[in-house]
Each structure stands twice: as C-alpha cells, then as structure tokens.
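Shown next, in structure tokens, is the structure this report addresses.
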Amino acid sequence: MHDTRVIKRYSNRKLYDLKESRYVTLQEVAAFLQDGDEVQIIDNKTQEDITKATLAQILYEQEKANQSNLSLAALKGIIRSSGEQIQKLASTAHQLRGEAERKMTTLREQAEKRMEKMGSEAKSVVEVTQTAIDELTRAVDDRFKQLIGFPRMMAQEEELVEEPSLAELLKSIHGRLDAVEKRLHALEKKSK
C-alpha cells in the first residue's frame, strides 16, 4: 500500500506536493488517487485537513469539464445519503480486500510448507499457484480502485447500483483458491 501523500494548500489556492516537492494541479491530485495513492490535503495557514473539500472540488471540476462518470441521479443519491452509501461501499470493499489478502497469504504459506515436504514435483504447482494468487491480487486491487476511486454508478430511482458485483469477484476468487487447494492435497497424497 502507498504512503499518504501530503499536499499543502496555500492561501493563493496553489497545491504543493511535499512528496515530490512541487506544485500540483487538481487533475494531478485526481490522477494520484486513480493510481491508488492516498492523499491528505492540509491548509497551510490553519493546518486543517481539507481533503474532503478538495475532493469535492475535483468532482466539481470534472463535472464542469464533462469528464465525470457519475450520473445526475447518482450525484443526487450521494447528497441525499450524505455520502453514507459510498462510505458503506468503501468499507465493504476494504473488508473484502482484507479477507482476500489474508486467504491468499495463508494459501501461499501452506503451499510453501508443502513444497518443502514434497520436493520438486510440487514446485511447478506452487509456481502456478503463485501466478494465480498474483492475478487474483491484481483483480482485487483493480476492483478496489474502481470502487473507491470514482465509481461508475447508475441510478435506479433513489438507489445506487454498482456495476459488476464484488460478491461475484469474491466467489470467483474462492473457487480458484479451492481448486488450488485440491491440487495441493492430491499432490500431497501422491507423495506419501
């Protein structure tokens, strides 16, 4: 995970990135977020955290330039719910990502232990497993970025509906992990 990028906002509205020691634009701050960086915007004079206000300004600027992926109904839904739905979505995504990472770490550790016991035959299975875990990690990271970044949402009445289901992604991950575990158990039995 990336360190938090601290950006100071001066009274002349300029933004100064302390990590890169240079001035940045709102578009660059949006790009940092889209790349997975955490940002914190601090008012230089008051030392107040103004991250939320700055992110709202980024949304405003994107809407003004017709670069936003949010529908009018989605924006209304965010305001009506005071952002609660997006917070719930972000929280759920964070929990699912943590669970998936824990399961992948456990599986990786088990595979390494079994590889030590079984020798070279298991090495190829572990390499395949590692590749699968890496792919799953990338998929979870990409999905997490979509959910936390600027999600594409469609409104149905007053309810926000996200695009592809995170539950489906997690189900796919579980299925692939189960298949890998079965292959490892079969190899373990074969080596005994």
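What follows draws every value from the coordinates through simple rules; no lab data is involved. Please read all numbers here as calculations on a predicted model, not as lab measurements. Backbone-built Cβ (ideal geometry, glycine too); neighbour counts: all protein chains shown.
DSSP finds beta bridges in the range 1-65, and of those with both partners inside it, around 55 percent are antiparallel. Toward the positive end of the charge dipole of the range 4-68, about the Cα centre and with charges on Cβ (Lys, Arg +1; Asp, Glu -1), which of Gly36, Leu26, Ser11 goes farthest? Of the options given, the answer is Ser11. Here the label points at Ala56 and Asp3, each 7 Å from Cα along the C-beta direction, are separated by 3.0 nm in the simple model. In this label model, His185 and Asp35 are separated by 4.4 nm, measuring between points 7 Å along each Cα→Cβ vector. Given +1 at the Cβ of Lys and Arg, -1 at the Cβ of Asp and Glu and no other charges, the dipole of the range 4-68 around its Cα centre is 300 debye to the nearest 20.
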